[in-house]
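As structure tokens, the structure follows; a few thoughts come after it.
The values are calculated or read from the model by the stated rules, or taken from the named source; none is laboratory data. Since we're looking at a predicted model, the values are computed, not measured. Please note: Cβ atoms are built from the backbone with ideal geometry, for glycine as well, and neighbour counts cover all protein chains shown. Accessible surface areas use protein heavy atoms only, side chains included; no ligands, DNA or RNA. Shrake-Rupley method; radii C 1.70, N 1.55, O 1.52, S 1.80 Å.
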Amino acid sequence: MTTPTTKHLLRAALLLGMILPAPVLAVGDTLTVANMTFRTGPFADAGTPLMDGQRDYMLMLNERDGGINGIRLNYDECETGFSVDKALECYDKAKASSLVTQPGSPAITLELLPKASVDKVPVLAPGYGFSAMADGKRFPWAFNPPVSYWDGASMMLKGISGDDLDHLRGKKIALLHLDGPYGEEPIPLLQAYADSFDFTLLPVPVAAKEMQSQSAQWAKIKAERPDFVLLWGWGAMNAGALAEAVRSGFAMDRLVGIWWSAHDDDLKAVGEAAKGYRALSWNLPVPDAEVIKDIRKYVIDAGKSQTPAEAPDKLFYQRGVMISMLSAEAIKAAQEHFDKRLISGEQMRWGLENLKIDDARLAALGMSGMIGPFATTCANHAGNGSAWLLQWDGNRFVKASHPLTADAKMIAPLVDQEANKFATSHAPWSLNEACKN
């Protein structure tokens, strides 16, 4: 039995990040965090740096700190190649042991949501997945911090309008998007904005087989002459879009991508010709951040990673670091709250629901400036953090805006509508009635 004094000391130690002697824990006790990877397949070029950043952060915690509060992390990758079928196999393999499942794509997330809800396995999809997952009452086991795709769409419109959406009245905005759940995700919200602010939305889908050659799509864009093109691309589609934009003479500063359309290598392939291109991102590249220095010291320079030496400076790698930070911080929050170092998946769910990433915490993590402050709650599983417009200067991405935030009042009705629709279509559906909006 834990006495009040013992409990108080344990909580204090956890707050301080101390490694406590704990004879009740067997040698070799670990906390498993499973991740679905796509280092192979059509999106491997983007997936590899993301996964490298996620893995290296977890390795760094083990090497530098001995894990989290004395418990080492078992970071377990399962390769999907971006295949839903393979992802379901990965999920079944890991669900009994992992504190969390990380799908890696909206399509996989949609398939896993009903299974994970029944199995009571937290689903962590940072900055992707189904935007309505932000509704913690209807999706108690799903999380998409620090921002959802609908947050992103709202911020993109703020960015191109100079924070005054009335400037979009009478304009035409094309959405060049991957033809699938990911690319279709922003359409309902963008159409609601178009109806409210009297601009024309022109969806231009790109089939998977057309990603590298988008001549038909750009012929349509050229004919329609939109004021802006929002790029909702992924993988090879982004490189194809950039090449076609240059070829067609489209003004690069009027082409604005979502955060998955901001891969350094895609832009470097175009180089100076892409100068002026902008992309929204919920993380900022900070090459000299303390956390990146520690990853280099304890993991890369120590020969414990195959990450290329230049990769840690780049946007996608650092986004991977941020993603693993969310898991690690949820573990710490749960350990503190439950006065336990070996937590369960259900306790991990509590940790994800009670993330508080403020400026002081980011400074303590060596991540100042790399991500905006945010917090999750029982009702809000996205956190509604901030993002920045970045601009390609011909060689690298630089910050090109103040922190942008989404219009929560505009998004809330759609979240309520779509969350209710999903829950109804998958009845019986488990709700968290304790959550109050």
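What the table below lists for this structure:
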{"read-out": "Gap separating the Cα centres of region 250-307 and region 359-437, nearest whole Å", "value": "21"}
{"read-out": "Rough spin-label spacing in nm, given labels placed 7 Å along Cα→Cβ, for Asp45 and Ala219", "value": "2.4"}
{"read-out": "Förster radius 25 Å - calculated FRET efficiency between Ala375 and Ser344 (Cβ-Cβ, nearest 0.05)", "value": "0.65"}
{"read-out": "Antiparallel DSSP beta bridges within region 229-379, percent to nearest 5", "value": "40"}
{"read-out": "Net charge contributed by nearby residues that have their C-beta within less than 15 Å of Lys275 (K/R +1, D/E -1)", "value": "-1"}
{"read-out": "Three semi-axes of the equivalent ellipsoid, region 196-293, Cα gyration tensor, whole Å, largest first", "value": "26, 16, 13"}
{"read-out": "Reciprocal mean inverse distance between Cα atoms of region 297-437 - Kirkwood radius, Å", "value": "18.1"}
{"read-out": "Sum of side-chain charges, Arg225 neighbourhood, beta-carbon under 14 Å (Lys, Arg +1; Asp, Glu -1)", "value": "+3"}
{"read-out": "Percent of beta bridges antiparallel (DSSP, the chain, rounded to nearest 5)", "value": "30"}
{"read-out": "Percent carbon-and-sulfur accessible area, the chain, ignoring ligands, DNA and RNA, probe 1.4 Å", "value": "52"}
{"read-out": "Restraint check, Lys86/Lys409; Lys172/Lys399; Lys297/Lys340; Lys158/Lys293; Lys93/Lys304, Cα-Cα greater than 32 Å", "value": "Lys86/Lys409; Lys158/Lys293"}
{"read-out": "Rounded, prolate or oblate (a/c below 1.5 giving rounded, otherwise prolate when a/b exceeds b/c) for region 123-190 by Cα gyration tensor", "value": "prolate"}
{"read-out": "Hydrodynamic radius (Kirkwood) for the chain, which is based on Cα pairs only, to one decimal in Å", "value": "22.2"}
{"read-out": "Alpha-carbon centroids, region 138-213 and region 23-92: separation in whole Å", "value": "31"}
{"read-out": "Segment Glu210-Lys293, extension gain: residue separation times 0.36 nm, minus the distance between their alpha carbons", "value": "25.9 nm"}
{"read-out": "Cβ-placed point charges (K, R +1; D, E -1), dipole of the chain about Cα centre in debye, nearest 20", "value": "340"}
{"read-out": "Cut-off 12 Å between beta-carbons: net charge of the residues surrounding Glu433, Lys and Arg +1, Asp and Glu -1", "value": "+3"}
{"read-out": "The chain - percent relative contact order, Cα under 8 Å, separation 6 or more", "value": "20"}
{"read-out": "Accessible area (Å², per residue) of the chain, counting only protein heavy atoms and a probe of 1.4 Å", "value": "40"}
